[in-house]
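Novice: Mind looking over this structure? Questions follow.
The values are calculated or read from the model by the stated rules, or taken from the named source; none is laboratory data. From a predicted model like this one, the values you see are computed outputs, not experimental measurements. Neighbour counts are summed over all protein chains in view; Cβ atoms, including those assigned to glycine, are modelled from backbone coordinates with ideal geometry. Remember, those area values only see protein heavy atoms, side chains included, never the ligands or the DNA or RNA. Shrake-Rupley method; radii C 1.70, N 1.55, O 1.52, S 1.80 Å.
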Amino acid sequence: MTNVLEDPAPLQLNYVPDEFQDRENEASSLKASFAGGEEAPLPNLHVHGPRGTGKTQAVNSVFNDLPKRVSKAYVPCHRYDTQYKALKQICKAFSQDVNDGHHTSELQRRVGEQAEVMKTVVILDEIDFLLLNDGDDLLYFLSRLENSDNISVITISSNTEKLESLIEERTYSSLQPRRIGFEPYTGGELYQILAERAKNALASRSLQREALTYIASSTSNVDRGLTWLRYAAKNADNTITEELIREVEASAYQEYVNYLLDDFTEHHYRVYEAVFEASEEGENSVRAGEIYEMYQDLCRSTEQEALSNRRVSDYIKNLELLDIVQADYYYGGEKGKTREVELC
Ligand SMILES: Nc1ncnc2c1ncn2[C@@H]1O[C@H](COP(=O)(O)OP(=O)(O)O)[C@@H](O)[C@H]1O
Ligand SMILES: [Mg+2]
């Protein structure tokens with residue numbers, strides 16, 4: 001522990017603060033959706049807004065306040081990104097015994113039975129990852145259950161405002177989710193949120209106002225801001241100055257990327273490294289083909305077997321959903337479609 005960091009916990013990303021500032025409207029929209037009483041049909045919702053705006057936390061806190069007789073399943077779809085994996089998680093949340101032997105239809109039947117006997121809420125967080133695969137089938141299935149008034153499907157996305165742009169028409173018209181949007185925090189709001197978390201973590205008077213202002217004016221993502229502040233605190237002698245904040249910017253961002261990639265495979269990290277290395281070499285944006293070559297080189301140097309070009313291409317898409325890279329697609333030319341990728 002340094003002189004500055006007295007208690008790292010409040011600056012950790014999984015810490016739940018006592019007070020949740022500036023999200024009253026969103027939280028009350030969420031609560032209102034469930035306030036219809038015993039007989040009211042449960043709502044389907046699509047919650048969207050940029051990464052780090054408090055969506056996961058707000059939804060989960062409403063969810064935890066629901067009565068005990070409602071069965072609940074929370075699925076982080078970046079980790080469970082196929083219908084099969086997601087169904088298994090849902091069954092597990094209902095305390096059902098599941099192993100790898102079950103067929104998809106068997107898992108669907110169990111979820112259907114659960115919704116027959118109990119009001120049920122299923123939260124599909126980071127839904128975009130599931131929709132890269134067969135997520136549409138899962139959403140269609142859930143929306144068409146016999147007792148659909150008894151089940152609420154909540155999708156959460158940091159990438160997609162309008163779910164209808166990603167799913168089939170028949171799924172959308174059957175699901176009809178109400179949209180709840182989370183706006184990015186303003187600089188002032190982010191400043192307040194970070195100041196509140198810092199108050200319980202740092203030694204008094206160890207954080208200069210300008211340092212916090214600099215972070216709050218550079219990002220509206222709370223996770224990124226917290227990681228940055230924590231990183232600076234670990235590296236400060238006595239005071240966190242604006243100069244130190246600027247100095248550690250790149251390394252703190254790296255730490256944030258590592259945190260995002262923690263839930264993914266080693267090869268995702270290698271693909272990220274490949275984009276990083278390839279962009280160091282030349283221009284900012286790199287063609288997908290060059291990334292694949294760089295990735296193969298990296299695998300060779302660590303004596304690992306490289307995945308196929310197609311898999312790597314899927315992984316680039318995952319990095320795009322995490323806002324680590326952005327990609328532009330060009331059509332035409334010899335190879336049909338090309339993709340140019342750059343770091344965010
Ligand atoms: N209004 C707020 N007050 C305090 N902490 C917040 C607030 N909004 C977000 N956070 C914190 O920011 C981090 C990101 O929130 P999260 O719900 O994971 O965002 P999202 O799901 O939108 O990416 C969490 O550590 C959370 O505690
Ligand atoms: Mg989230």
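Novice: What distance in nm separates the simple spin-label points at residue 183 and residue 242, each placed 7 Å from Cα in the Cβ direction?
Specialist: With each label point 7 Å from Cα toward Cβ, the separation is 2.7 nm.
Novice: Convert each backbone phi in segment 133-139 into a coupling constant with the Karplus relation 6.51 cos²θ - 1.76 cosθ + 1.60 (shift: θ = phi - 60°), then list the ³J(HN,Hα) values in order as whole Hz, x for Gly and Pro.
Specialist: 10, 9, x, 4, 4, 5, 4
Novice: Considering only DSSP states other than H, G, I, E and B, which GluC sites (Glu not before Pro) in segment 218-314 qualify as loop sites with at most 11 other Cβ atoms within 10 Å?
Specialist: Passing both the DSSP loop test and the Cβ count: 283, 303, 305.
Novice: Quick one: if the Förster radius is 25 Å, what FRET efficiency do residue 287 and residue 20 give, using the C-beta to C-beta distance and rounding to 0.05?
Specialist: 0.05
Novice: On the protein heavy atoms, probe 1.4 angstrom, tell me the percent of accessible surface of the chain carried by carbon and sulfur.
Specialist: Accessible surface attributable to carbon and sulfur in the chain totals 42 percent.
Novice: Per residue, how many Å² of accessible area does the chain show with a 1.4 Å probe?
Specialist: Each residue of the chain exposes 52 Å² on average to a 1.4 Å probe.
Novice: For segment 1-111, how big is the tail of P(r) above 16 Å, as a whole percent of Cα pairs?
Specialist: In whole percent, the long-distance tail amounts to 71.
Novice: Let me ask something else about it. Can you flag which of 31/72; 92/317; 85/317; 55/317; 31/85 are past 24 Å Cα-Cα?
Specialist: Beyond 24 Å between Cα atoms: 92/317; 31/85.
Novice: Further question on the same structure: Kindly provide the trypsin sites (Lys or Arg not before Pro) of segment 97-163 that DSSP labels as loop, not H, G, I, E or B, and whose Cβ sees at most 13 other Cβ atoms within 10 Å.
Specialist: Hits after loop and neighbour filter: 144, 162.
Novice: Another question, if that's okay. Can you give the extra length, in nm with one decimal, that the chain gains between residue 35 and residue 297 once fully stretched, where that is 0.36 nm per residue apart less the Cα-Cα distance?
Specialist: 88.7 nm
Novice: Further question on the same structure: Counting only other residues whose beta carbon sits under 12 Å from that of residue 84, what net charge do I get with K and R as +1, D and E as -1?
Specialist: Cβ neighbours under 12 Å give a net charge of -3.
Novice: At residue 146 and residue 326, where each label point lies 7 Å from the Cα along Cα→Cβ, what is the point-to-point distance in nanometres?
Specialist: Label at residue 146, label at residue 326, 4.9 nm between them.
Novice: At q = 0.07, 0.15 Å⁻¹, what log₁₀ I(q)/I(0) does the chain have when each alpha carbon counts as one equal point scatterer in the Debye sum?
Specialist: -0.35, -1.31
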